1. Based on other C-beta atoms within 10 Å, arrange THR65, THR136 from fewest to most.
2. Taking neighbour counts of Cβ atoms within 10 Å as a proxy for exposure, in what order, fewest first, do GLU35, GLU62 appear?
3. For SER8, list long-range residues whose amide hydrogen, built 1.01 Å from N in the peptide plane, is under 5 Å from its own amide hydrogen.
4. Spelling out what I want: for every residue of region 49-62, take phi, set θ = phi - 60°, compute 6.51 cos²θ - 1.76 cosθ + 1.60 (Karplus), and round to whole Hz; glycine and proline get x.
5. Show me, for region 9-15, the HN-Hα J-couplings you get by feeding each phi into the Karplus relation (A = 6.51, B = -1.76, C = 1.60, θ = phi - 60°), rounded to Hz, glycine and proline as x.
6. How many nm separate the modelled label positions at PHE63 and GLU14, each set 7 Å beyond the Cα in the direction of the Cβ?
7. Work out the FRET efficiency for GLU105 and LEU52 from their Cβ-Cβ distance, taking R0 = 35 Å, and round it to the nearest 0.05.
8. Sum up the charges of everything whose Cβ sits under 12 Å from the Cβ of GLU14, counting Lys and Arg as +1 and Asp and Glu as -1, but leave GLU14 out.
Amino acid sequence: MSLKTKKSVSQIVEKYRGKHPEMDRSTLRKRIRLENLDVFDDKRNKSSASNLRKLDRCLRKEFKTHPPLRPNESSGQPDLEKPYDDLVEKALLKLAEEENRTTMEEVASEVGIPPSNIEPSVYRLIKKYGWKTSKTKLGEVEIDFNKPFDISTIRFS
């Protein structure tokens, strides 16, 4: 006779959620089902349908209270590279060649992403390239591509 204790579905979810905080809900569900066949297999367990419903309920509850972590958040390092940085950088450099000034809304329309989503990327790139920002009368953020005047580059003849 086995001394194996009966596992409850909520205990299984807590265990796997602790091991894999960055994993999304559907992947975690598949992993739990595959690694716990004794609890969730139709042929071995008569209450597997009930256990699957419990699993879905527990996962829904767990992900509602604790959303999945990004890979860099679990290690404690700040997320330096945002997904929009490359797109925004290409758009800003293109606009810098064409114009002297642009607004956040023009950059957003060039990229095709709402301005609120790309705002952190834009400010990081403004700082990186040394561009200036100002606000228009309407309250829009305006980016000035003219770099500040550097007196050390002047040559006197």
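1. THR65, THR136
2. Working: GLU35 12, GLU62 17.
Least to most surrounded, the residues fall as GLU35, GLU62.
3. HN-HN under 5 Å from SER8: empty list.
4. Taking θ as phi minus 60°, the curve returns 4, 5, 5, 5, 5, 4, 4, 4, 5, 5, 5, 4, 5, 5 Hz for region 49-62.
5. 4, 5, 5, 5, 4, 4, 4
6. Taking the two extended label points, one gets 2.1 nm.
7. Working: r = 48 Å, r/R0 = 1.36.
Efficiency, rounded to the nearest 0.05: 0.15.
8. Details: positive: LYS7, LYS15, ARG17, LYS19, LYS61; negative: GLU62.
My count for the surroundings of GLU14 gives +4.
Coordinate-derived values only; no laboratory data. As the structure is a prediction and not an experimental result, all values here were calculated from the model. Quick reminder, even Gly has a Cβ in these numbers, built from the backbone with ideal geometry, and neighbours come from all protein chains shown.
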